[in-house]
Amino acid sequence: MKKLFLIAIVLIAAIGTRASEKRDLLQHAVTETAIKSKLVLDQSWVPYPAYRDRAAWGKLTAPVRTQLITSGEKYLDYAWKVVKATDYIEFEKSGSRTAMEAPFGANCKALSALVMAELCEGKGRFVDQIVNGVWLFTEMTSWALSAHLPGPQASGRSLPDGSGHVIDLTAGDMGSFLSWTYYFFKETFDKIDPSISSKLFATLNARILDTYMERDDFWWQAINPKPGTIVNNWNPWCNFNVLTCFMLLEEDPDKLAAGVYRTLRSVDQFINYNHLDGACEEGPSYWAHAAGKLYDYLQLLSYATDNQVSIFDRPIIRNMGEYIARSYVGDSWVVNFADASAKGGGNMSLIYRYGQAVKSTEMQQFAAYLFERADRKFSVSLGRDLFHVLEDLTSFDALSTAEPALPAFRSAWYDETEFCYMKTDSGLFFAAKGGNNNESHNHNDVGTFSLYVDNIPFFIDAGVGTYTRQTFSSERYTIWTMQSGFHNVPKVNGFEQKPGARYRSADVRFDGSKQELSLNVANAYPSDAQIDNWMRTYRLEGRTLHINDKFAVNETLAPQEMHFLTWAEPDIATPGEVLLANAGKRVRLTYPADRFTAATETVELNDQRLSSVWGKEIHLLILKEKEPTKKGRYEFRIEKL
């Protein structure tokens with residue numbers, strides 16, 4: 001099991017060949033010696049009212065007071081769920097994560113609702129159940145998920161073995177959440193029984209503060225990373241949680257400074273890893289956990305140092321923020337490479353606050369657009385992230401008065417990540433990527449594209465199904481959503497693309513004046529495919545997308561195939577053209593009928609994560625050469641009708 005988990009870590013935070021740029025922006029902003037004098041002590045940095053300040057809480061929660069209290073009332077008689085040993089072990093037996101995550105998540109949701117309801121109302125109605133929830137969580141052996149335990153534990157198993165505390169995403173989240181609970185309710189708990197808060201403090205200290213300082217083997221910490229180490233969303237996410245715990249719990253100034261600076265060094269590795277262009281290679285649905293969590297970390301650090309340590313003025317931080325606005329297509333559809341979902345938009349309050357911090361009008365107006373789409377109804381999402389809820393409440397007034405607008409651009413080219421977005425006045429939105437097949441949450445998809453017509457997806461990326469043990473293991477690429485055969489790229493000589501950093505694009509060129517992207521995808525395939533060169537060119541013009549493939553193979557092993565994944569069912573009745581219709585929109589793909597035959601496959605979607613986006617099925621269109629050729633040039637046109 002431990003071996004399997006280590007393989008999974010290679011896939012999540014894989015070792016590639018990409019070099020990070022050693023910016024170390026945070027370490028240049030403040031030295032280890034100076035950080036101690038800049039930290040605001042005794043939690044006086046906290047920008048939210050104390051629990052006993054009822055007038056301030058009434059004002060802060062006014063827009064959602066009914067929502068918060070009603071949500072909490074649902075849990076006044078909640079029966080707290082036991083996360084059984086067999087729930088953890090189920091991950092090993094079947095690969096299911098939900099057996100453990102469902103009861104754990106239900107308890108988290110209940111405690112969050114109860115805490116916010118009590119902060120909002122302040123009459124003590126919810127306190128007994130808050131105490132029950134706090135006591136339950138302190139009695140748990142670990143807050144880490146069954147899927148995340150095998151690697152860091154001595155046993156290599158998915159059941160908490162007591163060999164040492166593990167800080168993963170959820171353990172960090174609960175550490176942060178319970179630290180806020182301790183901060184707001186310690187006096188209330190002490191009136192009931194001092195052992196409640198003392199046990200909570202001791203548990204948090206052992207599981208988060210001590211563990212973070214004593215261990216450097218959590219892969220997400222990236223302490224002294226090897227060249228090429230991928231540092232993904234786990235890094236800012238976990239470090240934000242750890243920073244929260246230190247700032248709310250640690251009373252010793254020296255220990256506080258050491259802990260804060262250690263998080264600062266770690267987060268620098270995430271910034272170093274990311275490209276200056278700011279694109280999120282994990283896709284828009286991971287943006288809130290990647291760039292969004294970086295923003296949370298930087299905002300918390302700014303609070304903790306009375307704005308003395310801030311890097312919000314650095315271009316990379318702004319670029320990472322604006323990516324989310326430019327990846328929005330319309331009507332809740334987004335550009336979704338890798339494991340990202342095609343549906344979304346983002347947390348409007350988070351996007352607005354980030355935009356304020358980096359002085360991006362584009363982000364603030366996009367957030368206001370999302371607010372308009374929500375019928376100007378403000379709500380908060382309850383969960384393990386109490387900081388988000390509190391920050392959302394503080395930003396409501398400003399968000400509600402901002403001018404709504406979508407980003408205005410003809411093309412957006414992320415030259416280092418190799419993401420390309422292009423739009424036309426005729427309602428086409430095109431997205432494509434180069435890059436490599438060792439990106440975080442990777443799919444084998446070098447050279448793939450998506451095309452939207454009047455905001456409706458026609459040529460698509462399916463996304464990813466429900467996470468299981470297989471998703472992040474050596475079995476990852478047995479899952480169809482990860483395979484290039486289910487992306488909009490060729491199948492060459494019978495071969496699909498391979499995973500790994502060396503399987504990447506080459507000769508990438510973007511010409512914004514021509515609305516044209518070209519790239520050589522030959523190196524994304526194994527050497528057995530015998531590809532000498534495969535140059536794919538996309539050109540967007542008015543109502544038409546032109547796709548040109550110029551290729552040469554050393555020998556012909558099988559007919560070449562052009563794969564297209566579509567939402568609508570293709571009509572291939574007429575040779576040389578494929579008709580697609582969806583939501584009142586129609587598209588025609590034309591191809592050389594003398595060179596290709598067309599066939600379709602229906603892909604049934606039995607996974608709820610996929611079917612909630614696309615419905616019961618999507619479709620794979622395959623254009624197959626009638627006669628194998630070693631060298632050729634093919635042109636395909638996709639036209640809005």
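Could you rank the peptides 172-183, 27-38 by their average count of other C-beta atoms within 10 Å per residue, with the highest value first?
Going from most to least packed, we get 172-183, 27-38.
Leaving ligands and nucleic acids out of the surface, order Met213, Met140 by accessible area at 1.4 Å, largest first.
From most exposed to least exposed: Met213, Met140.
Please work out which option in (1) 38.6, 114; (2) 27.3, 83; (3) 25.7, 84 gives Rg and Dmax of the Cα atoms in Å calculated from these coordinates, and answer with its label.
It is the value labelled (3).
When a/c reaches 1.5 or more, the comparison of a/b and b/c decides; with that in mind, is region 453-523 rounded, prolate or oblate per its Cα gyration tensor?
In terms of gyration-tensor shape, oblate.
Let me have the 222 nm mean residue ellipticity of the chain computed from DSSP H runs of 4+ only, each contributing -39500 (n - 2.57), with the sum over all residues rounded to the nearest 500.
Details: 19 runs with 232 residues, N = 641.
The helix-only estimate for the chain comes to -11500 deg cm²/dmol at 222 nm.
Among all the lysines, which ones have a C-alpha under 24 Å from Lys624's C-alpha, if same-chain residues fewer than 8 places away are not counted?
Excluding near neighbours in sequence, the set is Lys433, Lys491, Lys498, Lys550, Lys640.
Apply the Karplus parameterisation 6.51 cos²θ - 1.76 cosθ + 1.60, with θ equal to phi minus 60°, to every residue of region 425-436 and state each ³J(HN,Hα) to the nearest whole Hz, in sequence, with x for glycine and proline.
5, 7, x, 8, 10, 10, 9, 8, 9, x, x, 9
Please report, as a whole percent, how much of the solvent-accessible surface of region 432-522 comes from carbon and sulfur atoms (probe radius 1.4 Å).
Of all accessible area on region 432-522, carbon and sulfur atoms account for 46 percent.
Going Cα to Cα from Lys123, which lysines come in below 29 Å? Please leave out same-chain ones fewer than 8 positions away.
Cross-link targets: Lys59, Lys74, Lys81, Lys109, Lys186, Lys191, Lys199, Lys377.
Based on the mean of other beta carbon atoms within 10 Å per residue, what is the order of 109-120, 414-425, 368-379, most packed first?
Top of the packing list down: 109-120, 414-425, 368-379.
What is the sum of charges around Arg410, taking Lys and Arg as +1, Asp and Glu as -1, for the other residues whose C-beta is under 13 Å from the C-beta of Arg410?
-1
Classify region 385-497: rounded, prolate or oblate, from the alpha-carbon gyration tensor (a ≥ b ≥ c, eigenvalue square roots; a/c under 1.5 rounded; otherwise prolate if a/b is larger than b/c)?
Judged from the Cα gyration tensor, region 385-497 comes out oblate (a/c at least 1.5, b/c at or above a/b).
What list of ³J(HN,Hα) couplings, whole Hz, do you get for region 28-34 from phi and the Karplus terms 6.51, -1.76, 1.60, once you set θ to phi - 60° and write x for glycine and proline?
7, 6, 7, 8, 5, 6, 7
Ignoring ligands and nucleic acids, what accessible area does Thr401 show with a 1.4 Å probe (Å², nearest 10)?
Thr401 exposes around 110 Å² with every protein chain in place.
Rounded, prolate or oblate: which fits region 160-201, taking a ≥ b ≥ c as square roots of the Cα gyration tensor eigenvalues, rounded meaning a/c under 1.5, else prolate when a/b beats b/c?
It is oblate, given that a/c is not under 1.5 and a/b is not larger than b/c.
Around Glu139, what is the net charge, scoring Lys/Arg as +1 and Asp/Glu as -1 over all other residues with Cβ under 14 Å from its Cβ? Please list the in-between numbers first.
On the way: positive: Lys81, Lys84, Lys199, Arg207; negative: none.
So the environment of Glu139 carries a net charge of +4.
Students sometimes get this wrong: rank Tyr591, Tyr538, Tyr303 by accessible area, probe 1.4 Å, all chains present, largest first.
Listed by decreasing accessible area, they come as Tyr303, Tyr591, Tyr538.
Which percentage, to the nearest 5, of the DSSP beta bridges contained in region 409-567 is antiparallel?
Around 100 percent of the beta bridges assigned by DSSP in region 409-567 are antiparallel ones.
Beta carbons within 10 angstrom, averaged per residue: use that to sort the peptides 186-196, 278-288, 92-102, highest first.
Numbers: 186-196: 14.5, 278-288: 24.8, 92-102: 16.6.
Going by the mean number of other Cβ atoms within 10 Å, highest first, we get 278-288, 92-102, 186-196.
Based on alpha-carbon positions alone, could you give the equivalent ellipsoid semi-axes of region 375-429 from the gyration tensor, as √(5λ), descending, whole Å? Can you show the working numbers first?
Details: eigenvalues 211, 63, 22 Å².
Working from the Cα gyration tensor, I get semi-axes of 32, 18, 10 Å.
Excluding ligands, DNA and RNA, what is the solvent-accessible area per residue of the chain at a probe of 1.4 Å, expressed in Å²?
Details: 24270 Å² over 641 residues.
Computed with neighbouring chains in place, this is 38 Å² per residue.
Which parts of region 171-187 would a label at Ser381 reach, counting a residue when its backbone N lies under 16 Å from a point 7 Å out along Cα-to-Cβ?
173
The values are calculated or read from the model by the stated rules, or taken from the named source; none is laboratory data. Predicted model only: the values in this text are computed from it and were never measured. Cβ coordinates were reconstructed from backbone atoms using ideal geometry, including for glycine residues, and neighbour counts include every protein chain displayed. Ligands, DNA and RNA are stripped out before the accessible areas are found, and what is left, the full protein with its side chains, is counted by its heavy atoms. Shrake-Rupley method; radii C 1.70, N 1.55, O 1.52, S 1.80 Å.
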